Amino acid sequence: MRVRGCSGSVHPYAGNRWRARIRINRRQLTSVRRTKQLAISWLRRMNVRKQADESGDEPVRAVRSRVTYAEISEELVDRYQSRGMRSRRRHTPRVLEHYASQLGKLLEYWGSRRISSTTEREIDRYVVHLQHEGLATSTIRNRLDRLSQCMQLAVMYRYIPEPPCRIDRPRVVLRSRPERISELDLGALLDFSARLPDRRPMLIFLLCADAGLRTSEVLRMRGEDLFLREYDGSQYGAVHVATENEIRRTKSARGRTVPILTARLAGELERRERSGSLAARSSMIAAVRTAAGITAIASRVWRPVLTGRARLHQLRRRFASELADGGVPITKIQLWMGHASMQTTQRYITIDATTPAGAGSVLEAKS
């Protein structure tokens, strides 16, 4: 099927798809698209490339050099999908949706910018912008990989002769530790979650902030893991994160027991015990099967209370910092946090110079 004003052709393909073909410089180029309109759009872009290559027309090259990231992003998603079709392991709709959503977040910052005018300084500013949002280093690297793929695709389609700058992935290192969640912000979170009919966010925040549990450990908590009597100097009891026979339930593959040091965590656990919601073999966070589900529950409280992006893992860092402010030895902090290395525990600790020794809220039970 010929397209008016274009060389090349568009034909139906297997699976209700369309295939476009064009010959440029004795080389046959083929592309499979989801719809006929996408195939025609690709064919027209290839015609612009063919016209510039054969005629050397400078105005045409100038138009091509003004291509933006938003214009090339749709092509990038289609290539990702067609590559999954050719491989043995096809991309599921969920994987494609995740890839498109990640690319959409990238376009929120780069969508209207020209690829040819990208500089290393702009990339550095983008990295700092992502760090201020609290994104993990792996997420930042994934965003830069998508940015690099857009540049490479523009070079392949000869929109630009070469990448405008170099994206150095090792440069993506957090220059500062995540901000420490203050007692005022934590109190606001707990007050807001206490007014909700669903008490699960309250329990999640308390287990992360006052017991230092990971999200995956909160997911696997059961009623039989609680010991709500005096234990090892704590009048409130303890939380058995994992026994020696259940080390797979922890990230560090080692069992540990964390004492309950605050009255607010002990009160919430006792309330759930009286209501009968602490079954011995069932999860304390009902109807949640993945750690992402716990994060989704907590984010409903993060967003209206705190400005910016926050993570549950910051509460775990706050737990270690409060213990260090209270004068607890770092070896004991390492044991309660479940770290295999003391260096890891030291990275979690952020000393607050304005807090006097022994005044940490986590240690209110020992004061």
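The values are calculated or read from the model by the stated rules, or taken from the named source; none is laboratory data. The structure presented is a predicted model; accordingly, all values stated were derived computationally and were not measured. Don't worry about glycine lacking a Cβ; one is built from the backbone with ideal geometry, like all the others, and counts go over all protein chains shown.
Here are the numbers:
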{"quantity": "Selection status of R254, part of a loop (DSSP other than H, G, I, E, B) and at pLDDT below 80", "calculated": "yes"}
{"quantity": "Selection from segment 202-224 of residues that are surrounded by 15 or more Cβ atoms within 10 Å (Cβ to Cβ), in a helix (DSSP H, G or I) and under 20 Å from the mean Cα position of the chain (by Cα)", "calculated": "I204, F205, C208, T215, E217, V218, L219"}
{"quantity": "Test: A320 is touching a Ser or Thr at 6+ places or on another chain (Cβ under 7 Å), modelled with pLDDT of 80 or more, assigned by TED's automatic domain parsing to the domain that holds S341 and closer than 28 Å to I349 by Cβ", "calculated": "yes"}
{"quantity": "Search result, residues across segment 129-166 that are part of a helix (DSSP H, G or I) and in contact (Cβ under 8 Å) with a residue 40 or more places away in the chain", "calculated": "Q131, H132, N142, R143, R146, L147, Q149, C150, L153, A154"}
{"quantity": "Pick from segment 282-292, criterion at pLDDT 75 or above and surrounded by 15 or more Cβ atoms within 10 Å (Cβ to Cβ), ranking: farthest from the chain's Cα centre (by Cα)", "calculated": "V288"}
{"quantity": "Residue ID - modelled with the lowest pLDDT, chosen from residues in segment 43-79 that are farther than 19 Å from G111 by Cα and buried (at least 17 other Cβ atoms within 10 Å of the Cβ)", "calculated": "R61"}
{"quantity": "Filter pass, L186 being at pLDDT 85 or above, crowded, with 17+ Cβ neighbours inside 10 Å and over 30 Å from R44 (Cβ atoms)", "calculated": "no"}
{"quantity": "Residue match in segment 223-232 (condition: modelled with pLDDT under 85 and closer than 30 Å to L144 by Cα)", "calculated": "no"}
